[in-house]
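Engineer: Would you mind keeping the following structure in view while I ask a few things?
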Amino acid sequence: MESQASAQPSLVRSSGSSTPASVAFERHYCVSEVAELWGLSERTIRRIFGNEPGVFKWESTETRFKRGYTTLRIPESVVQRVHRKLRKAG
């Protein structure tokens, strides 16, 4: 179990008034939840949030016999920030 704790990504502050403590306790969404809420495909959500600051990203490297996996956990504040940004752009 201790190896999992050390493998967790460091906390990246999102722009705005969120502090690390508030980000830790706010709701975090998985890709499928955001895709369902927004009516978009999981692939599109992964492209939108893949490099967004504040998103937690766990990756397992690809080996000769297994493909790599990427898990995203998206804090609610990041979902709201991206939604505002996309509404202004569109």
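Read-outs: derived from the displayed coordinates by stated rules, not from any lab. Values in this document were obtained by computation on a predicted structure and should not be read as measured data. Don't worry about glycine lacking a Cβ; one is built from the backbone with ideal geometry, like all the others, and counts go over all protein chains shown.
Engineer: Normalised radius of gyration for the range 25-89, please: alpha carbon Rg relative to 2.2 N^0.38 Å, two decimal places.
Structural biologist: Dividing the Cα radius of gyration by 2.2 N^0.38 Å gives 1.20.
Engineer: To make sure I understand the rule: partners must be aspartates and glutamates, Cα under 20 Å from the Cα of K88, and not fewer than 8 residues away in the same chain. Which ones qualify?
Structural biologist: Result set, ordered by chain and number: E52, E76.
Engineer: Where nothing but the Cβ of Lys and Arg (+1) and of Asp and Glu (-1) is charged, how large is the charge dipole of the range 25-89 around its Cα centre, in debye to the nearest 20?
Structural biologist: On the way: 14 positive and 8 negative charges, 54 e Å.
In total the dipole reaches around 260 debye.
Engineer: Can you sort R84, R64 from fewest to most other Cβ atoms within 10 Å of each residue's own Cβ?
Structural biologist: In order of increasing Cβ crowding within 10 Å: R64, R84.
Engineer: Relative contact order of the range 25-89, please, whole-number percent, based on alpha carbon pairs below 8 angstrom and at least 6 residues apart.
Structural biologist: 35 percent
Engineer: Cross-link partners among lysines for K57, C-alpha distance below 22 Å, same-chain residues fewer than 8 apart left out?
Structural biologist: Correct list for K57: K66, K85.
Engineer: Residue by residue through the range 43-55, which ³J(HN,Hα) values in whole Hz follow from phi under the Karplus form 6.51 cos²θ - 1.76 cosθ + 1.60 (θ = phi - 60°), with glycine and proline marked x?
Structural biologist: 4, 5, 4, 4, 5, 5, 9, x, 10, 6, x, x, 7
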